[in-house]
């Protein structure tokens, strides 16, 4: 097993145990032969390359003749997704965990957490990752550190993951054309890759917002452990007797201060923009290159909206995934409204600087963004 850098068994989280736990409990993938698996991987790589050309032509985010920074496209299994995400979590959460480590000895729950140790926290995190690892089709990892097994961009982060077994599983569940579905997924994920490679300041801006949020977090370590335990209990069915599965609290409820709520509002707006833009591009390109795009979209939307089970619904609420579903819908409506009004080049002003990103209120009222960015600039 690949170790996630340095002293993985020290501190607040045993990261290597998180990886081991997730891989141990993740659901088995769909039944495919070795030859079928090779064919799927090869096709996803071809589709990723084709999607890059389609997305660039449709979005016009990259000027002709300009070549942005290259980031790797990796086709992974569920274990590979787990390892990549643990490495990313460890990187972005490092400042917060160091702060929590300092507070552990001084807090009322410090002695308890010291006894429980990072191993239990690693197990709890691993259980959550085992749940998510069978559901993610693809992901652009913005803050991914490079490793021997999982390369990233040379400037400190960025890689596109396509989770082959999950793509195969969903295409079978939906009963859609597998070749069309694979290209459709690649179009969405490639849009995210293009967003970050074509807009160099976006990664640093997001990282700065996240670190500002974490800097203001004064969370008792036991509170975080409690949230992780609630999520793991939902997953394993071991919630206390009489406690409603749907009564779990979201991890987002750790937000405490007005400044944090303000930062979270900005982050929500950016994520709505990015997800909605990817959906808009996926549907915009789709009719020309994915013959069955309408069938795929309808079936996938139904699946996305209802979730697989009551357990899924409880965990989605706890992990804040319901908010992500709203981001897809709200963001896509924003992008569509702006493009309809001012065209694709007019919409692309959104990528000019952090000041031209939409606010949370503007996501809901695209005309306000147009008035602020276009009419003010053009007056």
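Every number here is computed from the coordinates shown, using simple stated rules; none is lab data. Remember, it's a predicted structure, so these values are computed and weren't measured experimentally. Note: ideal-geometry Cβ built from the backbone for every residue, glycine included; neighbour counts use all protein chains shown.
Observations on the model:
- Given R0 = 22 Å, the distance between the Cβ atoms of residue 147 and residue 212 translates into a calculated FRET efficiency of 0.20.
- Label separation (residue 344 vs residue 34): 4.4 nm, computed from points 7 Å beyond Cα along the C-beta direction.
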